[in-house]
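What follows is a set of notes on a single structure, which appears directly below.
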Amino acid sequence: MVGYETHDYDVLVIGAGGAGLRAAIEASAGGAAVGVVTKSLLGKAHTVMAEGGIAAALGNVDDRDNWKVHFADTMRGGQYLNNPRMAELHAREAPARVRELEAWGALFDRTRDGRILQRNFGGHKYPRLAHVGDRTGLEMIRTLQDHGVHQGIDVHMEHTILTLLKDGERVAGAFGYDRQRGRFKLFRARAVVLATGGIGRAYQVTSNSWEYTGDGLSLAYHVGATLMDMEFVQFHPTGMVWPPSVRGILVTEGVRGEGGVLKNSQGRRFLFDDIPPLYKEQTATDPDEGWRYTQGDKSARRPPELLTRDHVARCIVREVREGRGSPHGGVYLDIAWIKEKLPNAAEHIKKKLPSMYHQFKQLADVDITREPMEVGPTMHYMMGGVRVDADTQMSDVPGLFAAGECAAGLHGANRLGGNSLSDLLVFGKRAGEHAACFARERGGVAVSEDEVEAAARRALEPFERTSGEGPYQVQRDLQAMMQNWVGIVRRGDELRQALDALAALRGRAANVSVGGNREYNPGWHTALDLESLLTVSEAVARAAIERKESRGAHFRDDYPQKDEAYATFNILVRRGADGEMRVERAPRPAMSPELQQIIEEMK
Amino acid sequence: MATAKFRIWRGDARSGKFQDYTVEISAGMVVLDAVHEIQATQAQDLGVRWNCKAGKCGSCSAEINGHPRLMCMTRLSQLPLEQPVTIEPMRAFPLVKDLVTDVSWNFRVKEKIRPFRPRPADAADGTWRMDQSDVDRVQEFRKCIECFLCQDVCHVLREHHLHEQFIGPRILVHSAALEMHPLDTENRLGDLKRTQGIGYCNITKCCTKVCPEEIKITDNAIIPLKERVVDEFYDPLTRLFRVFR
């Protein structure tokens with residue numbers, strides 16, 4: 001028998017980034033006893049890395065903005081595969097969620113008349129992102145953390161969940177371990193909110209930290225929830241590329257919002273050469289118009305650098321492949337050029353983009369006020385995730401909720417910058433509210449001790465094997481394989497090879513062995529994270545095989561065009577009765593006539 | 001390929017010792033890269049805490065060649081590589097294992113600080129108006145990434161272990177951010193004087209020197225708080241006034 005400690009909650013929240021904390025605060029406000037489990041320390045989740053801002057149609061800088069424009073921008077950015085009800089709720093509720101942060105102590109940058117300042121970002125028609133320099137995510141997570149710790153919430157820092165437990169059809173809690181001491185813990189709960197973020201660690205070049213192994217998606221999948229839109233993986237166009245140790249670290253889109261331009265090795269602003277028809281009307285025709293847009297000229301249209309992330313990333317890949325890249329396989333991002341336009345440009349850049357200045361200076365010996373940065377795409381965000389009800393955020397499993405990056409629906413085929421932080425707040429709140437409500441209305445739960453024991457024994461197996469290879473090599477090989485075959489540019493034959501490779505990796509993962517003991521043992525932790533990585537990687541590859549067209553973040557070299565037949569459905573991934581992964585198509589949810597009309601008007 | 005030697009503390013609260021590792025080094029490498037390389041190839045169970053690897057989350061604090069630093073922001077090119085690079089856990093906190101310390105005390109202390117309490121909204125729609133210059137002052141403190149290096153280096157905590165009487169520079173910065181917040185109406189000066197030990201700080205500025213965010217902890221946060229405490233409790237005119245009231 002393996003020993004474990006038991007905790008009882010009405011609502012268990014897994015993950016303590018923006019969505020998890022917001023859900024916990026709301027569930028607690030709804031009277032629930034709330035526990036939060038987080039793989040890291042409080043305040044270190046990936047939310048802290050978000051730089052640019054929170055998208056919300058406050059209309060403080062341009063009063064033509066309102067929720068309808070934000071809704072239409074989000075749908076257009078997602079190539080209309082978004083769940084329209086989620087996009088509507090998000091656009092309507094984001095402003096209230098931002099103001100609420102201010103009431104909890106967040107200090108955003110201000111307009112001249114003292115209101116919350118908003119900045120331009122890719123795909124947003126008007127300046128819409130509430131921000132704090134380029135460290136908005138830190139401001140947001142700290143505000144939620146500092147507010148949250150006074151709401152009577154139990155926080156279990158440095159704990160990882162291994163499996164969800166069910167009582168009949170409903171979710172009944174989760175079982176996991178304390179990373180510091182290696183002890184097992186059972187969390188019995190009437191409702192569970194998944195807020196585990198993304199899957200970045202399935203790729204070699206990523207802006208995500210070690211935590212982002214797709215745990216929430218994998219946990220949900222294994223208890224019968226449905227995953228959706230798994231083929232849509234966002235590669236942020238601007239990650240650092242040099243030196244090797246910083247490859248993948250994010251360079252905020254805010255650099256382009258402040259007037260930064262992308263150039264190839266010939267000095268050409270290559271994005272002017274390739275503007276998608278859907279955005280032709282909204283894009284500047286010459287560099288001067290683009291510059292005026294970034295400086296707030298309301299009559300100007302946005303520069304092509306602020307087109308959606310999927311498009312910009314693909315254009316960068318093309319420039320590099322065709323031999324017009326920078327020395328280390330990227331392109332140039334230049335903000336220093338604005339000294340031609342502004343007196344005091346260096347000071348201005350340091351003020352608007354302090355952490356970018358710091359990051360390049362310290363890690364790459366580049367002074368961004370004087371010279372261009374070298375940048376290239378980095379795996380950044382997962383549009384796909386757990387399929388949820390738009391209003392309640394509940395998955396197909398009763399009592400199991402999901403919010404933020406690990407849920408699917410809001411972003412469709414491509415996410416707009418800034419829509420992630422607002423997603424966390426809007427749907428974190430909704431998930432917390434409905435989870436508390438669910439817990440109140442339903443009775444208590446029972447969990448099977450046998451299941452718990454079995455999970456504990458499985459987790460300890462890597463210590464018992466003496467001959468297997470270590471977990472790091474399996475993880476590295478998986479990352480390299482996904483980068484090459486399930487990356488930005490995909491092909492049917494390579495995707496099928498990826499499935500074979502994943503089967504082989506699964507065999508290796510089942511045989512990894514680890515040394516040392518259970519106390520703070522990263523080798524053991526890495527071994528246990530492999531299961532989630534393998535599950536989500538397979539789901540991405542299978543969904544990518546199914547979508548034989550190119551749309552949003554999903555680009556198929558063998559089907560390079562958009563195919564309208566594929567605009568009518570989302571791709572679902574489920575666990576079949578035989579344990580095999582099943583792929584299905586689900587018709588796109590119907591849009592209300594009111595929303596339909598908004599989209600027509602904004603075309 | 002060039003190599004470098006690393007001397008890393010291995011052990012737990014019971015016992016431990018330095019162990020040497022040799023790592024191949026490449027351009028631009030930081031200390032955390034070397035630790036990861038050792039983990040992947042030589043010591044799978046080497047305990048280290050990290051997240052963003054870009055100086056934004058404050059997880060990978062350690063003492064490198066005796067200096068409190070973030071491992072992700074310390075480049076090997078800044079260190080003398082003729083001799084081994086020593087990497088030790090922070091000393092002001094109990095050791096969990098290897099480079100990982102138990103920093104939970106910081107979270108517990110922070111929870112005791114009176115929370116933000118805003119004045120009523122300025123506008124009918126429930127929003128406030130603030131001037132950028134008022135916001136700037138507090139934004140400096142809100143840059144803090146909670147790496148706790150300032151706590152680690154503060155002699156009141158590090159040498160005198162007064163964790164029960166003194167909240168340390170990080171939590172003083174947090175208090176300053178609240179006290180100077182343009183909307184806040186709470187008064188934390190009594191707590192600072194009576195239970196949080198602001199008097200223990202004797203302004204040696206060690207905390208400021210190690211702050212990776214370059215927050216002027218002593219000059220901009222602690223000294224102004226000390227002045228406010230003095231004004232509130234030790235101003236002779238006020239005391240006289242209190243006597244006759």
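The values are calculated or read from the model by the stated rules, or taken from the named source; none is laboratory data. All of these numbers come straight from a predicted model, not from anything done at the bench. Methodologically, a virtual Cβ is constructed for each residue, glycine included, from the backbone with ideal geometry; neighbour enumeration extends over all protein chains shown. We work out accessible area using only protein heavy atoms, side chains counted, and drop any ligands, DNA or RNA first. Shrake-Rupley method; radii C 1.70, N 1.55, O 1.52, S 1.80 Å.
What is the calculated FRET efficiency for residue B:104 to residue A:590, with r their C-beta to C-beta distance and R₀ = 60 Å, to the nearest 0.05?
0.75
Only Lys, Arg, Asp and Glu carry charge here, each on its Cβ (+1 for the first two, -1 for the last two); on that basis chain B has a dipole of about 600 debye about its Cα centre. Over 30 Å between C-alpha atoms is what I'm after, so list which of A:341/A:603; A:341/A:361; A:263/A:562 land there. Exceeds cut-off: A:341/A:603. Relative contact order of chain B, taken over Cα pairs closer than 8 Å and 6 or more residues apart, is 17 percent.
Of the GluC sites (Glu not before Pro) in the stretch A:428-498, the ones in a loop by DSSP (not H, G, I, E or B) with at most 16 other beta carbons within 10 Å are A:469. For the protein assembly as shown, taking the reciprocal of the average inverse distance between every pair of different Cα atoms yields a Kirkwood hydrodynamic radius of 27.4 Å.
Based on Cβ point charges of +1 for Lys and Arg and -1 for Asp and Glu, what charge dipole magnitude is obtained for the stretch A:239-379 about its Cα centre, in debye rounded to the nearest 20?
Numbers: 22 positive and 20 negative charges, 35 e Å.
The calculated dipole for the stretch A:239-379 is roughly 160 debye.
Tally the DSSP beta bridges in chain A and give the antiparallel ones as a percent, rounded to 5. For chain A, the DSSP antiparallel bridge percentage is about 65. Computed extension gain for residue A:563 through residue A:365, at 0.36 nm per residue and net of the alpha carbon distance, reaches 66.8 nm. If you take the Cα centroid of the stretch A:508-586 and the Cα centroid of the stretch A:452-487, the two points sit 16 Å apart. Compared with the dominant Cα axis of chain A, that is its longest principal axis, helix A:309-321 is turned about 80°. Its Cα gyration tensor gives the stretch A:247-348 an equivalent ellipsoid; the semi-axes, largest first and in whole Å, are 21, 18, 12. Dipole of chain A computed with +1 at Lys/Arg Cβ and -1 at Asp/Glu Cβ about the Cα centre; of A:488, A:152, A:514, farthest Cα towards the positive end is A:488.
Angle of helix A:593-602 to the longest C-alpha principal axis of chain A, folded into 0 to 90 degrees and rounded to 10: 30°. Buried accessible surface for the A/B chain pair comes to about 5100 Å², total over both chains, computed with a 1.4 Å probe. Here residue B:112 is the anchor, and the aspartates and glutamates within straight C-alpha reach of less than 14 Å, apart from those fewer than 8 places off in the same chain, are A:146, B:164, B:186, B:191.
In percent, what relative contact order does the stretch B:3-101 have, based on Cα pairs under 8 Å that are 6 or more apart in sequence? Display every interim value, and only then the final one.
Values: 184 pairs, mean separation 34.5, N = 99.
Dividing the mean separation by the residue count of the stretch B:3-101 yields 35 percent.
In this structure, residue B:42 and residue B:77 have a Cβ-Cβ separation that, at R0 = 22 Å, corresponds to a calculated FRET efficiency of about 0.45.
Quick check on my link table: of A:68/A:429; B:56/B:193; B:97/B:193; A:298/A:352; A:44/A:185; A:39/B:193, which ones sit more than 25 Å apart, alpha carbon to alpha carbon? Please list the in-between numbers first.
Numbers: A:68/A:429 21 Å; B:56/B:193 32 Å; B:97/B:193 35 Å; A:298/A:352 21 Å; A:44/A:185 22 Å; A:39/B:193 36 Å.
Distance filter (> 25 Å) returns B:56/B:193; B:97/B:193; A:39/B:193.
Peptide packing: for B:164-173, B:211-220, the average count of neighbouring Cβ atoms within 10 Å per residue gives the ranking B:164-173, B:211-220, highest mean first.
Between 0 and 90 degrees, the angle of helix A:522-546 with respect to the longest Cα principal axis of chain A falls at about 60 degrees.
The mean sequence separation of alpha-carbon pairs under 8 Å and at least six residues apart, normalised by the residue count of chain A, gives a relative contact order of 22 percent.
For peptide A:519-527, compute the average count of partner chain beta-carbon atoms within 10 Å of each residue's beta-carbon. Don't skip to the end; give the middle numbers.
Numbers: counts 8, 11, 6, 13, 7, 2, 1, 3, 1.
The mean count of partner-chain Cβ atoms within 10 Å per residue comes to 6.
Taken about its Cα centre, chain A carries a charge dipole of about 760 debye when Lys and Arg each add +1 at the Cβ and Asp and Glu each add -1 at the Cβ. Between the alpha-carbon centres of the stretch A:166-209 and the stretch A:253-268 there is a gap of 39 Å.
Between residue A:600 and residue A:281, 0.36 nm times their residue separation minus their Cα-Cα distance comes to what? Display every interim value, and only then the final one.
Working: separation 319, 0.36 × 319 = 114.84 nm, distance 1.45 nm.
Here the answer is 113.4 nm.
Per residue, the accessible area of the stretch B:66-146 comes to 44 Å², computed with a 1.4 Å probe over protein heavy atoms only.
Surface composition of the protein assembly as shown: carbon and sulfur atoms hold 48% of the protein heavy-atom accessible area at a 1.4 Å probe. Checking every one of the trypsin sites (Lys or Arg not before Pro) in the stretch A:1-109 against DSSP loop status and a limit of 16 other Cβ atoms within 10 Å picks out A:64. Rounded to 0.05, the FRET efficiency of the residue A:503 and residue A:265 pair, given R0 = 51 Å and the Cβ-Cβ distance, is 0.80.
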